[in-house]
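Structure record follows, encoded as structure tokens.
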Amino acid sequence: MISRLMSVAALAAAVAGGLGAQASGFVPADPLEQVKSMVRGVNIIGYDPLWRDFEKARFKERHFQRIREAGFQTVRLNLQAFRHMDTDNRLPAAWFKTLDWAVKNSLANGLVAILDEHDFTVCGNNASACKPRLMAFWQQVAEHYKDAPNPILFEILNEPNNQVTPEVWNAWLKEALAIIRKTNPTRNVVIGPASWNNIHFLDRLELPGDDRHIIATVHYYLPMSFTHQGAKWSRETAALSGIKWGTDAEKRVVEEDFAGVQQWSKAQKRPMLLGEFGAYDGGGADIDSRVRYTSHLARTAESLGWAWTYWQFDSDFVVYDIAKDDWVEPIWRALVPKE
């Protein structure tokens with residue numbers, strides 16, 4: 001598959017000089033066809049120490065190969081870049097060096113890589129502080145990767161919320177997209193609705209009709225009482241425990257929710273990415289319920305022709321045990337069943 005993504009010469013140039021300097025690597029991809037190639041994925045490195053000190057990374061180069069060999073085709077790189085910017089909102093060379101490492105190893109292992117600006121908390125809490133950073137981020141990142149091959153996708157902002165209302169978000173996404181299009185006129189860009197990429201806010205998402213290089217995304221953690229039970233950061237569900245999932249009625253709710261998304265997708269002629277889903281592993285949910293939930297969402301998304309990226313490889317909701325350096329097999333097999 002590597003020959004489809006980039007030539008040996010181009011890969012060597014990327015390894016030697018960073019993908020930002022790579023020339024003539026981009027060929028436009030139809031977004032529907034790209035989604036078909038993405039299929040199954042996982043979110044990675046958002047909370048890894050490598051962004052502060054590369055020598056302390058939990059995620060190692062070998063893990064890209066482990067991900068590919070385990071049956072995944074996509075990684076969503078969770079980038080919390082704002083904390084690395086200087087007072088002029090410039091990103092340092094060291095930050096780009098780490099990102100280049102992740103991008104080139106994704107490509108070398110035949111993985112589509114989504115560059116996801118993940119500063120949703122900063123943006124939700126303070127939109128006025130967020131906006132100049134977000135636009136500066138895309139000015140720099142779009143320029144840096146303008147010639148990177150088409151398995152590199154951009155995602156403007158993870159889970160716009162609170163102060164980033166649907167109205168604010170519709171204005172921002174058009175502004176950010178215009179910045180991206182100056183250097184990447186036909187790269188596929190991932191965009192989801194406001195209110196945490198909520199499926200029920202898709203009808204309030206306004207995408208430019210003349211830009212057909214967009215992949216729509218939603219996140220799904222319903223019901224929160226199950227997926228986030230015991231999660232200390234969730235005031236409503238932190239004290240919950242022992243809630244099971246998997247009745248026929250509960251499965252039908254997922255199918256009906258996804259059918260509504262599919263109806264929007266067909267009407268708008270936009271392919272879909274289920275960008276996050278999962279059930280928290282550190283709380284009161286039993287493993288059998290978590291497996292049923294994870295499997296049902298993944299298979300339902302696949303039946304509709306969507307790609308998906310599970311939340312997440314490491315940190316919490318984990319599919320990979322860093323301490324054991326191996327897959328959490330029940331969750332892995334819920335995502336990627338044995339043939």
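Read-outs throughout are calculated quantities, based only on the coordinates presented, and are distinct from any laboratory measurement. Remember, it's a predicted structure, so these values are computed and weren't measured experimentally. Neighbour counts are summed over all protein chains in view; Cβ atoms, including those assigned to glycine, are modelled from backbone coordinates with ideal geometry.
Take every DSSP beta bridge with both residues inside the chain and express the antiparallel ones as a percent of the total, to the nearest 5. Kindly include the intermediate steps, with their values, before the conclusion.
On the way: 2 of 31 bridges.
Of those bridges, close to 5 percent are antiparallel.
Of the peptides 178-188, 257-267, the order by per-residue mean of other Cβ atoms within 10 Å, starting with the highest, comes out as 178-188, 257-267. Each peptide in 168-175, 324-331, 155-162 gets a packing score, the mean of other Cβ atoms within 10 Å over its residues, and the list from highest to lowest is 155-162, 168-175, 324-331. Annotation for His84 and Ala171: the two label points, set 7 Å from Cα along the Cα-Cβ direction, are 3.0 nm apart.
Over the C-alpha atoms of segment 22-109, the Rg to Rh ratio, Rh being the Kirkwood estimate, stands at 1.00.
Its Cα gyration tensor gives segment 46-91 an equivalent ellipsoid. The semi-axes, each the square root of 5 times an eigenvalue, are 26, 13, 7 Å from largest down. Along its three principal directions, the equivalent ellipsoid of segment 53-164 from the Cα gyration tensor extends over semi-axes of 26, 15, 14 Å, largest first.
For each of Asp210, Asp53, count neighbouring Cβ atoms within 10 Å of the residue's Cβ, then give the residues from fewest to most. Intermediate values should be presented prior to the final figure.
Details: Asp210 5, Asp53 8.
The fewest-first ordering by Cβ neighbours comes to Asp210, Asp53.
Across the alpha-carbon atoms of the chain, the computed radius of gyration and Dmax are 19.0, 55 angstrom.
For segment 244-259, the Karplus equation 6.51 cos²θ - 1.76 cosθ + 1.60, evaluated at θ = phi - 60°, returns couplings of 9, 8, x, 6, 4, 5, 5, 5, 5, 4, 4, 4, 5, 4, 5, 5 Hz by residue, with Gly and Pro reported as x. Under the criterion of Cα pairs below 8 Å and six or more residues apart, the relative contact order for the chain equals 18 percent. Length gained on full extension, Gln163 to Asp210: 14.2 nm, using 0.36 nm per residue less the C-alpha separation.
Using a Förster distance of 25 Å, how high is the FRET efficiency between Arg66 and Asp316, based on the Cβ-Cβ distance and rounded to 0.05? Don't jump to the answer; show the numbers that get you there.
Values: r = 19 Å, r/R0 = 0.77.
Given R0 = 25 Å and the Cβ-Cβ separation, E is 0.85.
Taking every Cα-Cα distance in segment 125-196 and sorting them into 5 Å bins from zero, the calculated P(r) comes out as 3, 17, 29, 24, 15, 9, 3 percent.
Strictly over 22 Å apart at the Cα level, which of Lys60/Lys97; Lys244/Lys338; Lys97/Lys232; Lys131/Lys174 would you flag in this model? It would help to have the intermediate numbers written out before the result.
Working: Lys60/Lys97 15 Å; Lys244/Lys338 25 Å; Lys97/Lys232 34 Å; Lys131/Lys174 12 Å.
Cα-Cα > 22 Å for Lys244/Lys338; Lys97/Lys232; rest within.
Using only the Cα atoms of segment 189-318, what semi-axes does the equivalent ellipsoid have when each is the square root of 5 times a gyration tensor eigenvalue? Give whole Å, largest first. Square roots of five times the eigenvalues give 27, 15, 13 Å.
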